[in-house]
Amino acid sequence: MASRRVPVSFEPSGLTAWVAPGTSVLSAARSVGLLLNAPCGGRGICGGCAVKVLEGALQAPGATELSGLSRAPKGVRLACHALVEGPVRVKPSIPAQTGPAPAAPLSGSLVAGVDLGTTGVAAVLIDPRSGAELARATAPNEQAAWGADVLSRISAASAGHGDELATAAWRSIAAALAAAGVPDEGLARLVIAGNSAMVALAAGVDASSLGVAPFSAPVIPEDATDVARASGLLAEAGSASFVGPLASFVGGDTVAAIAATGLAGADEPVMLVDLGTNAEVALRARGSVTVTSAPAGPAFEGGGLRCAGPALPGAVTRVRVQGSELALEVLGSAEPLWLAGSGVVSVIAALRDAGHIGADGLMHASGPLSDRFRTDDDGVVRIRLTDGGAEAAVELTQLDVRAFQLAKAAVRVAVDGVLKATRTKPRGVTRVDVAGAFGAALDPDDLVELGVVPDEFRDRINAVGNASLAGAAAFALESEAQAETMSALQGAEHVELAADAGFNDALMRATELKRS
């Protein structure tokens, strides 16, 4: 496999270095001008370069590092010996200084990765010489004007609006890149990953095979140079490509996430779970990769619920019950405005633990937060999570819980489906990378307690953020990595969940909110 690069992000500086797996965290910091404390010069004997892993995973510590960590808290690693494995975010225990900035990028030399999502578009801009991440940004997907869901947009394209949908996709991509600060001279390379339907519509190809059973993946051209250049995004000698799908709804976003996490080349059973509108699961086991997908709906992305939204300032990311009070964690230290996806998971887990939600998902007022409950004129039970008036308060309703149950069930059936197909026991999976916009705000214990994933996964979950975006950027940095990843996945088995005679029964059983 070609050497891919993965992001190592440092808090609170906000600096990110894109490096090859096997690079030490200390070297990654130096490459972007961040000077970590290292009194012993990197010999692993002083502990001065200790970092706390906030998100993602590093390679297992060796003997020298284990000796240096003998009295360290859980999650702390020595930057001089800790080696990068996949996307990771860390915070130095001793504040780091910023040294000389890397040399200014050459004109027209920057590369970018894009995650073309159904709701929004994310972009990251990188200097390939230094590996320094320059910026990342998001923009709404303008295709929403033709419907919020994939099937509505496929129908619109079939009705003659295909060109308009393609134009809207490229306007959205350009908006995200502009927000990231793409220079006037354009990019040296651009890679776009996304779900099967979004990429097909952006490429202007027929996506109708995704609209009716039996579903099949549209044929998507890899080269996107001409249309990217026409959109003013490329330098004179620049190039652009799409990441194609593996099967029907297992799209290029999954391929990119597999590349970012290194799943295809893993030596032991590892799993990728992408919690999005369309939940994808991939498992590397028994020498091959098995994939599947299930329609989860937007609940995990903070969408489609009474008071939910994106992970932006004002989003509630975590909820805990403390006696008769609620403690909310909010992005950006702002007033709570809505629930992010992690907040949805968190509040349902908290209310379940407090006895306000049963295993069947039914909400009731009996318990420590009874004064926060009410039933509206339509008979829908709801709980007020903030202290604003009825109109301004952030609430969770019985309908929200039901939407989450369906999303949770889809993910669980997908997880169980690949385990069954590969004859792998849950305890045999050594690492579970959970991708999505959650970041470190997602509490793995909540996923286990609500039965989203098996109980055996509790201590093996790594939140890896937007792995699709990370993979697209890795392909932009190392162009041969894209072709080699697709080659490595040629023999991947696709599990069609709906074809199983017991699918509907399994889906209903999986709606229960309990450990398993």
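Bear in mind these aren't lab numbers, they're just calculated from the coordinates by the rules spelled out. Please read all numbers here as calculations on a predicted model, not as lab measurements. Note that we place each Cβ from the backbone using ideal geometry, even for glycine, and neighbour counts take in every protein chain shown.
Observations
- Cβ crowding within 10 Å averaged over residues, with 282-291, 330-339 ranked highest first: 282-291, 330-339
- Between Ser216 and Arg320, the simple label model (points 7 Å from Cα in the Cβ direction) yields a spacing of 5.3 nm.
- Span from the region 203-220 Cα centroid across to the region 460-500 one, whole angstrom: 20
- Using θ = phi - 60° and Karplus 6.51 cos²θ - 1.76 cosθ + 1.60, couplings along region 14-28 (whole Hz; Gly, Pro as x): x, 6, 10, 10, 9, 10, 6, x, x, 6, 6, 4, 4, 5, 4
- Computed over neighbours whose Cβ is under 14 Å from that of Ser346, the net charge equals -3, Lys and Arg +1, Asp and Glu -1.
- Each residue of region 449-466 was assigned a 3J(HN,Hα) from its phi angle through the Karplus curve 6.51 cos²θ - 1.76 cosθ + 1.60 (θ = phi - 60°); the sequence is 4, 8, x, 5, 10, x, 4, 5, 7, 3, 9, 10, 8, 10, 7, 10, x, 7 Hz, with glycine and proline shown as x.
- Residue-count net charge about Leu201 - beta-carbon cut-off 13 Å; Lys, Arg +1, Asp, Glu -1: -3
- Think of it as helices only: each DSSP H run of n ≥ 4 in the chain is worth -39500 (n - 2.57), and spread over all residues that comes to -8000 deg cm²/dmol at 222 nm.
- Coupling constants for region 326-342 follow from the phi torsions by the Karplus curve (6.51 cos²θ - 1.76 cosθ + 1.60, θ = phi - 60°), and in residue order they are 10, 10, 10, 9, 10, 5, x, 6, 9, 5, x, 10, 6, 9, 6, x, 5 Hz; glycine and proline get x.
- Nearest-0.05 FRET efficiency for Asp378 and Ser516, computed from C-beta distance (R0 25 Å): 0.15
- Note on Ala20 and Ser158: the extension gain reaches 45.4 nm, defined as 0.36 nm multiplied by sequence separation minus the Cα-Cα distance.
- Separation of region 388-437 and region 343-360, taken as the distance between their Cα centroids, equals 13 angstrom.
- Under the convention that each Lys and Arg Cβ holds +1 and each Asp and Glu Cβ holds -1, the size of the dipole of the chain around its Cα centre is about 1560 debye.
- Considering only beta bridges that DSSP places wholly inside the chain, some 70 percent are antiparallel.
- Those Cys residues of the chain for which no other cysteine Cβ falls under 4.7 Å: Cys49, Cys80, Cys307
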